[in-house]
Amino acid sequence: MKEKRIGIAGILLILAAVLGTVAAEILFCREMMTDRETAAVQEETPNLVLSEKTENNAPAYHLKSTKEELKEILFTSGQEEMIEEGREAEIEVMVNNVTDTVSVETRASVTGNPYMAYGGYVVLRYLDITLSAGMLNNTEEVEELYDPVWITFEIPEEYRNTNPMIKRFYRLYNGSYLCDLDSDEDTLTVAMTGFGTFALLMKDMYVDGILMEPCQEEDTGWYRKEDGRIEACTNVQMEDGESIYLNEFGKTAKGWQITDTESGRRIYADPETGYLTKEGWHEIDGEWYYFDELNTMVTGWFEADGKRYYAKYDGRIARSETITADGSVRFGIPWGEYTFDENGAVLE
């Protein structure tokens, strides 16, 4: 890409990403909206082909930047000259809905922490967003830009707000927020300088200071806090004494969940009921695991029922095998080779 001058909007975008402050985000959004509203309508370029593609029921969208703006942002000076001489060039944007296939690890890395600590937002979908540009049949994928490309997403019908008691906000998120730069409640316009996997977020707040009974499940499967946010009432206690965990979607988690990206803490919820595994032994998909009193999957050396066991990095209990200890002296077990019986107990 061309050596780019960084405009005021670009500087504020970097500032917002680095500082991560509300003030920086507001300042950036206001500047970007001003830039967009006052941008001159430029002459279109017929030999620059735009392709807007989606996969797997991803939200509809369209590029809000003009062709002239895109040409200046995405092409080198030499390429611009070739385009002006009539050579064909192309820009392709692909948005793929990966919600059903994204890994637990990617979900955790995108959202930062599935405790939904990011401002009270919940995840609606995970989207892989890519942009490629170049001369015809010779495009390259773009990873980062100095100046932003503007994209407007249509909010899926199922997530549009129809409740007059609720004010609804949308964002894209991948370590930092991409704020909504339009006033239409059913669209999300963002200025993107990077591409990859993003979480499409939503936050609700009751209007006029209304408060409700918190942590009540709605027909949608969401749980709300008293101020209207669909947020983590983590480890909700059920009437029968069981517990459930609300994931980043604001709904009952099922299967494996990473609840803390720094420690790697994992829990497991029954795929049918969503009930969390309790302390003790559990067989999951043909493998044995041990969970502590906080419903956390144990890794490393531990003791249970007066015997010593070893859980591998993924929690699977070592059984009928010999392994080399990692140097931990927890429970008095020094570095060395250890053999485990068919039940996982270490042979003394």
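The table for this structure:
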quantity: Residue count, the range 271-294 (criterion: within 23 Å of residue 319 (Cβ to Cβ) and in a loop (DSSP other than H, G, I, E, B)); calculated: 6
quantity: Matching helices (runs of 4 or more DSSP H) fully within the range 54-149 where at least 1 residues are closer than 25 Å to residue 256 by Cα and under 18 Å from the mean Cα position of the chain (by Cα); calculated: 104-111
quantity: In the range 153-189, residue surrounded by the fewest Cβ atoms within 10 Å (Cβ to Cβ) [restricted to those that are among the aromatic types (Phe, Trp, Tyr), in contact with a Leu (Cβ under 6 Å, 6 or more places away or on another chain) and in a strand (DSSP E or B)]; calculated: 173
quantity: Count - residues of the range 49-86 that are closer than 17 Å to residue 138 by Cα and of a type in the set (Asp, Glu); calculated: 2
quantity: Among residues of the range 180-218, those that are in contact with a Lys or Arg (Cβ under 6 Å, 6 or more places away or on another chain), more than 23 Å from residue 252 (Cβ to Cβ) and at pLDDT below 90, counted; calculated: 1
quantity: Pairs where the first residue, in the range 154-183, is within 25 Å of residue 108 (Cα to Cα) and the second is among the polar types (S, T, N, Q) and open to solvent by 40 Å² or more (accessible area, probe 1.4 Å), C-beta under 6 Å, 6+ apart; calculated: 168/161
quantity: Within the range 250-268, considering residues that are over 17 Å from residue 314 (Cβ atoms) and open to solvent by less than 60 Å² (accessible area, probe 1.4 Å), the one farthest from the chain's Cα centre (by Cα); calculated: 252
quantity: Qualifying residue in the range 195-216 (condition: under 30 Å from residue 66 (Cα atoms), open to solvent by 20 Å² or more (accessible area, probe 1.4 Å) and in contact with a Leu (Cβ under 8 Å, 6 or more places away or on another chain)); calculated: yes
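The values are calculated or read from the model by the stated rules, or taken from the named source; none is laboratory data. Note that the structure is a prediction, hence the values are computed from the model and not measured. Note: ideal-geometry Cβ built from the backbone for every residue, glycine included; neighbour counts use all protein chains shown. In case anyone asks, the SASA skips ligands and DNA or RNA and just uses the protein heavy atoms, side chains included. Shrake-Rupley method; radii C 1.70, N 1.55, O 1.52, S 1.80 Å.
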